[in-house]
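Step one of this worksheet: look at the structure below.
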Amino acid sequence: MPPAAAGVAVDPRIAAVQITMRSRLLYRGPVTGVVDGRTTSAIAIMQQRLGVAPDGIFGPQTRARLFPFGTPVLGTRLLTIGSKGYDVALLRVELAFHGFPSGPFSSAYTARTARAVLRFQRFAGLPTTAMAGPLTAKALRTPTPVSPKRLSWPVATSITSSYGLRGARFHGGVDIVAGQGAPVIAWQRRGRLRRLARRRLGQRGHGGAWWRRALPRRAPVARRRPCR
């Protein structure tokens with residue numbers, strides 16, 4: 001499971017139930033994958049509607065009674081455009097953490113979800129159907145890819161927004177902040193390090209320097225663009 005910024009483990013199942021409850025207007029908080037007071041209260045309301053003892057815990061009994069909120073286990077039904085529910089939300093969370101985000105989170109299987117599934121299936125060597133069934137679910141249970149190359153920070157600074165869940169979206173990068181004139185280390189296209197002496201940085205991570213997390217089938221790359 002991907003680590004949260006505060007050192008708390010992010011649970012994709014909790015993220016999926018938060019997305020599902022947002023779709024049902026039972027939860028208005030951010031998608032964090034971490035249980036908090038708002039999540040517990042929303043789960044208790046959902047449990048009342050499902051006929052489960054409202055203890056606020058997303059346990060086996062609650063997952064077993066998820067219908068009509070979706071099926072409890074990803075891969076037990078074939079998901080395609082028009083499918084809705086908890087398992088669709090879980091699919092989209094797992095796709096995002098594997099490097100294939102499909103836009104703002106919801107519990108609906110959209111055309112954008114189908115394209116993300118298709119890209120993942122090509123990457124995993126699966127039949128390219130753009131539909132998610134048992135094979136796709138099994139492939140998503142494998143560990144998320146890790147870059148074979150050791151990455152270095154382009155500038156000595158602090159993180160303002162980390163990689164992962166953010167609001168109702170997935171943030172596929174890392175935002176940093178640095179002062180004007182901070183020196184930056186950047187990768188050139190051929191991988192040769194070049195120190196940019198006194199490269200002018202803006203006050204925001206997206207202002208003066210930008211780099212992308214290594215995703216499947218993409219080499220780690222650092223680019224720079226003019227300050228805003």
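Read-outs: derived from the displayed coordinates by stated rules, not from any lab. Keep in mind that this is a model prediction, so the values were computed, not measured. With ideal geometry, Cβ positions are generated from the backbone for all residues, glycine too; neighbour counts draw on all protein chains shown.
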Per-residue Cβ neighbour rank within 10 angstrom, fewest leading, Val17, Val35, Val117: Val35, Val117, Val17
Under 5 Å, built H, 5+ apart or other chain: amide partners of Val184: Leu196, Arg198, Arg199
Long-range HN-HN contacts of Val177 with modeled amide H, under 5 Å: Ser158, Thr160
Residues whose placed amide H lies under 5 Å from that of His171, excluding near-sequence neighbours: Gly164, Leu165, Arg166
Rounded to whole Hz, the Karplus (6.51, -1.76, 1.60) HN-Hα couplings of region 127-141, x for glycine and proline: x, 8, 9, 6, 10, 9, x, x, 5, 5, 4, 5, 5, 6, 7
Arg122/Leu50 FRET efficiency (R0 41 Å; Cβ-Cβ; nearest 0.05): 0.65
Fewest-first sequence of Ile81, Ile19, Ile176 by Cβ atoms within 10 Å of each Cβ: Ile81, Ile176, Ile19
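Can you tell me how much longer the chain between Arg65 and Arg38 gets when fully stretched, taken as 0.36 nm per residue apart minus their C-alpha distance, in nm with one decimal?
7.6 nm
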